[in-house]
Amino acid sequence: SQQGEEDPQALSIQEGENATMNCSYKTSINNLQWYRQNSGRGLVHLILIRSNEREKHSGRLRVTLDTSKKSSSLLITASRAADTASYFCATVFLRGTQGAQKLVFGQGTRLTINP
Amino acid sequence: DVKVTQSSRYLVKRTGEKVFLECVQDMDHENMFWYRQDPGLGLRLIYFSYDVKMKEKGDIPEGYSVSREKKERFSLILESASTNQTSMYLCASTSAHRSYNEQFFGPGTRLTVL
């Protein structure tokens with residue numbers, strides 16, 4: 001399977017603390033994306049990091065990518081109760097003759113921010 | 001504001017029924033996807049389509065078929081629903097014209113097969 005794996009499966013922290021989630025994958029990638037899913041809803045794209053990038057920032061989000069270790073991490077700083085959600089990493093590789101980019105998702109980290 | 005919509009948020013069907021799940025996007029995207037999401041298994045790709053009338057099997061196509069007659073609409077069909085198809089179904093779309101493209105997801109359809 002080319003599926004990514006997130007670690008930890010669940011994380012519970014106090015509001016204001018930083019939250020770190022990790023993702024490992026198995027094959028060479030084109031890019032890696034992080035998504036967020038509020039309970040019972042669709043996924044929302046958070047940030048994309050290309051295979052030739054090592055770190056990227058977006059607001060309170062910081063993503064790192066280590067292609068030698070086939071791993072990525074997502075850091076959320078100064079967490080808020082509204083950050084409570086599941087977070088998924090997704091690796092991208094080309095598929096098929098048409099070059100459609102297929103995403104392969106990990107199983108997600110369930111993050112709970114306690115007020 | 002870009003949008004992917006799905007025909008139902010919740011659906012209850014009986015075993016053996018034919019089930020249609022519809023997805024519509026307003027972003028003129030070429031690529032559309034159907035996933036199912038189950039606890040402990042994450043998201044798994046059922047089918048995807050890279051153009052009108054074009055489709056390709058994903059990782060778990062058995063028991064499903066799809067239809068894409070118009071660019072904006074991608075339908076997932078359960079020919080004869082079974083209880084093991086009870087799941088959350090998510091539709092997504094993305095542009096084929098960008099090198100690095102995010103997928104836009106619909107809100108999901110929670111299907112229960114009794």
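Out of B:L43, B:L76, B:L114, B:L90, report the one residue that is buried (at least 19 other Cβ atoms within 10 Å of the Cβ) and more than 14 Å from every other protein chain (Cβ to nearest Cβ).
B:L76
Can B:A81 be described as over 29 Å from A:I29 (Cβ atoms) and in a loop (DSSP other than H, G, I, E, B)?
Yes; evaluated as a whole, the condition is true for this residue.
When you scan region A:69-85, do you find a residue that is surrounded by 14 or more Cβ atoms within 10 Å (Cβ to Cβ), within 13 Å of chain B (Cβ to nearest Cβ) and of a type in the set (A, V, I, L, M), even just one?
Taking every residue of region A:69-85 in turn, none turns out to be surrounded by 14 or more Cβ atoms within 10 Å (Cβ to Cβ), within 13 Å of chain B (Cβ to nearest Cβ) and of a type in the set (A, V, I, L, M).
Return a yes/no flag: does region A:42-60 have any residue that is surrounded by 13 or more Cβ atoms within 10 Å (Cβ to Cβ) and away from every other protein chain (no Cβ under 14 Å).
Checked against the condition, which is being surrounded by 13 or more Cβ atoms within 10 Å (Cβ to Cβ) and away from every other protein chain (no Cβ under 14 Å), region A:42-60 yields at least one hit.
Testing A:N30 on (1) more than 30 Å from B:V52 (Cβ to Cβ); (2) open to solvent by 30 Å² or more (accessible area, probe 1.4 Å); (3) facing chain B (nearest Cβ under 10 Å), one condition comes back false. Which one is that?
Among (1) more than 30 Å from B:V52 (Cβ to Cβ); (2) open to solvent by 30 Å² or more (accessible area, probe 1.4 Å); (3) facing chain B (nearest Cβ under 10 Å), the lone unmet condition for A:N30 is (1).
Condition (residue is part of a strand (DSSP E or B) and either more than 13 Å from the chain's Cα centre (by Cα) or surrounded by 21 or more Cβ atoms within 10 Å (Cβ to Cβ) (or both)) applied to region B:16-23: is it met by at least one residue?
The answer is yes; a qualifying residue exists.
When the residues of region B:93-111 are filtered to those that are closer than 22 Å to A:I47 by Cβ and part of a strand (DSSP E or B), which remaining residue is nearest to the other protein chains (Cβ to nearest Cβ)?
So the residue we want is B:F105.
The values are calculated or read from the model by the stated rules, or taken from the named source; none is laboratory data. Since the model is a prediction, treat every value here as computed from it, not as a measurement. Ideal geometry is used to build each Cβ from the backbone, glycine not excepted, and the neighbour counts take in all protein chains shown. Heavy atoms of the whole protein, side chains included, go into the accessibility calculation; ligands, DNA and RNA do not. Shrake-Rupley method; radii C 1.70, N 1.55, O 1.52, S 1.80 Å.
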